[in-house]
Amino acid sequence: MKPITLLIVLSFLFMPAVHGVDISETCADKKTFKLHLVSVAKGCKKHQLSLGVGAIPPSDFPKYDLDPILKNRFLVARKVAEQEGVYLKITSGFRSIERQTFLFNRALKRYGSYQEATRWVAPPNVSHHPRGIAIDVNYPDQPESARWLENNGWKFGLCRVFKNEWWHFEPITAPGKKCPPMLKDASDLLK
Ligand SMILES: [Zn+2]
C-alpha cells in the first residue's frame, strides 16, 4: 500500500472519532438572554451573543481589556440575575501589569512576606487579571450578591476560583458544565 493510500484509509478509520466529538457553542438571545446550544460549525446568529465553547485559557501578553467572551458571559449572567432581583457588577476586571505590580507590592508590605502576600494577591506574571480572564464581582461589601454567581455562574461558564476570595470569578468551565473544585488561595497558582 502506498503511503498516500494508507493515509486516506487511516483518515477514514479515525473520522468517526473526530466527528463523534460533539463540540457545541453556547449562544444567548440578546433580548431574552435564553441560552441555546448550537454546533460550533454553525455558530451563533446575529441576534445572539456567543458564550463560547469551553474554559477560556490564559493567552499571551500584551492584553488591554477583558476577553470578549468573558464579557458576554458576565453580561448574560448579570441580566439573568437581575430578573431574580440580584444585582451584579464588576468592581475590578482587566488590570495592566503595572497596576497588578503595584497591588502585589502593596500586599508584600501589608502582609510582610512573599508567601503570605501571594495568598491574597497573585504576582503580576501569574494573576489572571492582566490576562483579561478574571473579574472581581461586588467587591468589597456584597458577598450575598456574589453568592448568586457562585451558585449559578457555571450555567454561563463562570466559576468562583479561590476559597478565600468570594468575589473572584474566572471563565474556567464550559457554559452549562459544573465548576472544578476551588483552590485554597491565589498561592496555589504558583504550585
Ligand atoms: Zn480577582
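Restricting attention to region 159-180, and to residues there that are out of contact with any Gly (no Cβ under 6 Å at 6 or more places or on another chain) and β-branched (Val, Ile, Thr), which single residue is farthest from the ligand (Cβ to nearest atom)? Once the filter is applied, the top-ranked residue is ILE172. Kindly indicate whether any position in region 137-158 is touching a helix residue (DSSP H, G or I) at 6+ places or on another chain (Cβ under 9 Å), within 16 Å of the ligand (Cβ to nearest atom) and within 15 Å of PRO58 (Cβ to Cβ). The answer is no, given that none of the residues of region 137-158 is touching a helix residue (DSSP H, G or I) at 6+ places or on another chain (Cβ under 9 Å), within 16 Å of the ligand (Cβ to nearest atom) and within 15 Å of PRO58 (Cβ to Cβ).
A single member of LEU75, LEU108 is touching a Leu at 6+ places or on another chain (Cβ under 8 Å), in the same structural domain as ASN152 (by TED's automatic domain parsing), of a type outside the set (S, T, N, Q) and more than 16 Å from the ligand (Cβ to nearest atom), and it is LEU75. Counting residues in region 41-55 that are surrounded by 18 or more Cβ atoms within 10 Å (Cβ to Cβ), assigned to a loop (DSSP other than H, G, I, E, B) and more than 13 Å from the chain's Cα centre (by Cα) gives one or more.
Taking LEU37, is it open to solvent by 30 Å² or more (accessible area, probe 1.4 Å) and modelled with pLDDT under 95? So LEU37 fails the test. On inspection, GLU84 does not qualify as of a type outside the set (A, V, I, L, M, F, W, C), over 30 Å from CYS27 (Cβ atoms) and in the same structural domain as LYS155 (by TED's automatic domain parsing). Of all residues in region 87-104, those that are open to solvent by 80 Å² or more (accessible area, probe 1.4 Å) and not hydrophobic (A, V, I, L, M, F, W, C) total 4. For region 138-173, filtering for residues that are open to solvent by 20 Å² or more (accessible area, probe 1.4 Å) and among the hydrophobic types (A, V, I, L, M, F, W, C) leaves 5.
Can you give me the ranges of the helices (runs of 4 or more DSSP H) entirely in region 90-191 with at least 2 residues that are on the phi > 0 side of the Ramachandran plot and in contact (Cβ under 8 Å) with a residue 24 or more places away in the chain? Give the derivation first.
Working: elements: 97-111, 114-120, 143-152.
Answer list for region 90-191: none.
The values are calculated or read from the model by the stated rules, or taken from the named source; none is laboratory data. As the structure is a computational prediction, the values presented were derived from the model and not from experiment. Positions of Cβ are backbone-derived with ideal geometry, glycine not excepted, and every protein chain shown enters the neighbour counts. These accessible areas exclude ligands, DNA and RNA; they are computed on the full protein's heavy atoms, side chains included. Shrake-Rupley method; radii C 1.70, N 1.55, O 1.52, S 1.80 Å.
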